[in-house]
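Structure first, then comments.
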Amino acid sequence: MVLMAGEAAEVKQVLLSHAGAPLARPVTFRFTLDPNQAQHRQLLSYAGAARMVFNHQLGRVKANLDQRAAERTYGVADADLTPSLSWSKVSLINHINAWKDGRAPDAPVTVTEAGTVVRGLPWRAEVSADVFECASVHAAAALANWSSSRTGDRAGKPMGFPRFKSRHKTAAGFRLRAKYAEGQLASVRPAGPRVLRFPKLGELRVVEHTGQLAELLARGRFHIYAASFRFEHGRWHVSVTGMAAQLHHQRRSPAGRHPHPVGVDLGIKTLAVVADTDGLVLHEWAGVQPLQHAQARLKLANQAFARTKRGSGGRRKAASRVGAVHRRVGALRVALLHDISATLARSYTTIVVEDLNVAGMVTNHSLARHVSDASFGELRRQLEYKTAWYGTRLVIADRWYASSKTCSSCGHVKPDLTLDDRTYRCGLCGLLLDRDVNAAINLARLALAPPKTAVSPRSVAA
C-alpha cells in the first residue's frame, strides 16, 4: 500500500510542470524496499557515511565553541578569540566537499598497503555525493534549531546541543536529492510495477505498487525533490517527496458533503466522535489500541531477546521478532488514522478539533501508554494537510476551551466533571448525554461563534 503524507517543502516560487499545471501540493509516497544482500550492505554503507558526516560537522562546531569558551576563561579578549565557524548549509557543504576530497587542511590521511598516501576519504567515490551534502544540511538545521532555542526565537522547551548519532542507538538513514529539470526524465523514478530507480544505487525492488507515482509523473502532475531512506524494525523504507498539482476541482468541491460544521472529540475509549451543530452524531471510531493489545506478545518477545547473548545470531532473530510486533502495531495505528483523516476531509465542509496538550497528557503515568497509542498529534497533522488538499476548512479550538465540561443545551459549565464520568449530567437543564458527544457538539458550534472567542489565534483555514 502506498501511503501519502504531506510534508513541508521550502519552495520560493510555484513550480510549473511540462504540462503547465502549477505544482504546489506537498506529497510524499512511502514504499517498503525489498533489497538483496548486496543492496542491503550498500544502503548500510550510505547510512554510515551520512552518520559520519553528521557527527563530523557537530564535532567541529562543538570543538570550536569549547575552544572559544576556554579562551574566555583565560581572559582573552573577544577580538583575539579563535574565529567562530559558520553554521550555514553552504559553509558546511563546502567544508565536507573539501574534507572528503583531501583539499581541506584537516582532511584525513590514509596510508595504503602499498605505502601510498591518500588524502581525503578513499571510499568517497563509492557513495553518492548527495549523502555527504544532505547530512551536512541536516547538521546545519539541528545547529540552527539549537541556536534559536538558546536565544528564545524557537518555541517549546529549551534544547540542548544536538546529539551525536550512534551506530547502535540511531536508526540508519540517509537522503538523496532528485536533480532534474521539469520535462526531463526524473532521476528518482519508477522502473517497473514494483521497482524504483535511484541515482548511484540503481534499481531497487519495493513491496508496494508504483503505479500511482508513475501515472502522476507521466501526466506531469508531480515533481520529485528527494528520497529519504530509513531502516526500521528490520526493513528499509523510502519516502519519495515532491510537489504535486492540486486535486481535481470536483474532489475539492463542497457539493454532496455535510453542510453543517462538525466537531471532532478525541479520546482514549472512543478515539473520535463526530457530531454537528444540531447534535446529530455522524461518525464514531473506536480506538483500535494496537499497542495495548500487543502487550502480551511484546512482553514474551522482549523476554526472549533479554535471554540472548550479545552479538549472537539468536539475538538478531529475537530482535527481529520484537521489531515485527512493533511493525504490526505501527501499521494498524497508521491505517486507522489515515482512514479517519481521509473520511473527515472528504465528507465535511468545516471541521473543528481540539488543540490538545499531548506532551502534558503523557506525564500522567496512568494514561501515558493509551495517549501515545492514540497518536492525537499524528491525527491532527494528517488533518491539516488533507483538509488543504480537499478544500475543507479546519478550525483549531483553543486549548483551554472546556468542551467536555460545558453543557451543549444550556451552556452551563460543570467544573467537577472527572474522567470517570462517561455521561454528562447537567444540573440546570437536566441534559443527559454521552460526554464525548456533548464535547463534539460544543466544538462544532465554535465554528459559528465570533473568531475572538471561538478559536485560538493559531486556527488553520484551508
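The values are calculated or read from the model by the stated rules, or taken from the named source; none is laboratory data. Note that the coordinates shown come from a computational prediction; the quantities given were computed from them, not determined experimentally. When we count neighbours, we look across all protein chains shown, and the Cβ atoms used for this are built from the backbone with ideal geometry, even at glycine.
For the reader, a short list of remarks on this structure follows.
- Here residue 81 fits the description: surrounded by fewer than 17 Cβ atoms within 10 Å (Cβ to Cβ) and of a type in the set (A, V, I, L, M, F, W, C).
- Residue count for region 79-115, restricted to those that are in a helix (DSSP H, G or I) and under 26 Å from residue 173 (Cβ atoms): 13
- Exactly one residue out of 55, 36 is under 24 Å from the mean Cα position of the chain (by Cα), polar (S, T, N, Q) and at pLDDT 95 or above, and it is 55.
- Every pair of residues 6+ apart whose Cβ atoms lie under 7 Å, when the first sits in region 153-165 and is over 18 Å from residue 65 (Cα atoms) while the second is modelled with pLDDT under 95: 154/145; 154/148; 158/149
- Single unsatisfied condition, residue 180 versus (1) within 30 Å of residue 222 (Cβ to Cβ); (2) within 22 Å of the chain's Cα centre (by Cα); (3) modelled with pLDDT under 90: (2)
- Any chance residue 107 is closer than 26 Å to residue 176 by Cβ and either under 33 Å from the mean Cα position of the chain (by Cα) or exposed (fewer than 13 other Cβ atoms within 10 Å of the Cβ) (or both): no
- For residue 118: the one exception among (1) part of a helix (DSSP H, G or I); (2) surrounded by 12 or more Cβ atoms within 10 Å (Cβ to Cβ); (3) not small (Gly, Ala, Ser): (1)
- Checking region 226-239 against the condition returns a match, with at least one residue being of a type in the set (Lys, Arg) and outside the structural domain of residue 321 (by TED's automatic domain parsing).
- When restricted to residues that are touching a His at 6+ places or on another chain (Cβ under 9 Å) and at pLDDT below 80, region 428-462 contains 0.
- Meets criteria (in a loop (DSSP other than H, G, I, E, B), more than 30 Å from residue 444 (Cβ to Cβ) and in contact with a helix residue (DSSP H, G or I) (Cβ under 7 Å, 6 or more places away or on another chain)) for residue 231: no
- In region 58-100, the residues that are under 31 Å from the mean Cα position of the chain (by Cα), closer than 24 Å to residue 124 by Cα and among the hydrophobic types (A, V, I, L, M, F, W, C): 58, 61, 87, 90, 92, 93, 96
- Residues in region 411-434 include none that are under 30 Å from the mean Cα position of the chain (by Cα) and either within 20 Å of residue 277 (Cβ to Cβ) or assigned to a loop (DSSP other than H, G, I, E, B) (or both).
- Filter pass, residue 108 being out of contact with any Asp or Glu (no Cβ under 6 Å at 6 or more places or on another chain) and under 30 Å from residue 202 (Cβ atoms): yes
- Flag for residue 137 being more than 30 Å from residue 310 (Cα to Cα), touching a Phe, Trp or Tyr at 6+ places or on another chain (Cβ under 7 Å) and β-branched (Val, Ile, Thr): no
- Residues of region 132-154 that are farther than 26 Å from residue 226 by Cβ and not in a helix (DSSP H, G or I): 152, 153.
- Enumeration of residues in region 93-130 that are free of Cβ contacts under 8 Å to residues at least 24 places away in the same chain, aliphatic (A, V, I, L, M) and either touching a Lys or Arg at 6+ places or on another chain (Cβ under 6 Å) or under 17 Å from residue 59 (Cα atoms) (or both): 98, 104, 107, 109, 121
- In this entry, residue 298 is excluded by the filter for residues that are in contact (Cβ under 8 Å) with a residue 60 or more places away in the chain, of a type in the set (A, V, I, L, M), touching a helix residue (DSSP H, G or I) at 6+ places or on another chain (Cβ under 6 Å) and surrounded by 13 or more Cβ atoms within 10 Å (Cβ to Cβ).
- Candidates are the residues of region 274-294 that are crowded, with 19+ Cβ neighbours inside 10 Å and of a type in the set (Val, Ile, Thr); the one that is farthest from residue 326 (Cα to Cα) is 277.
- Being surrounded by 15 or more Cβ atoms within 10 Å (Cβ to Cβ), touching a strand residue (DSSP E or B) at 6+ places or on another chain (Cβ under 9 Å) and among the β-branched types (Val, Ile, Thr) holds for only one residue in 53, 27, and it is 27.
- Annotation: of all residues in region 382-405 being of a type outside the set (A, V, I, L, M) and free of Cβ contacts under 8 Å to residues at least 40 places away in the same chain, the one that is nearest to residue 355 (Cα to Cα) is 400.
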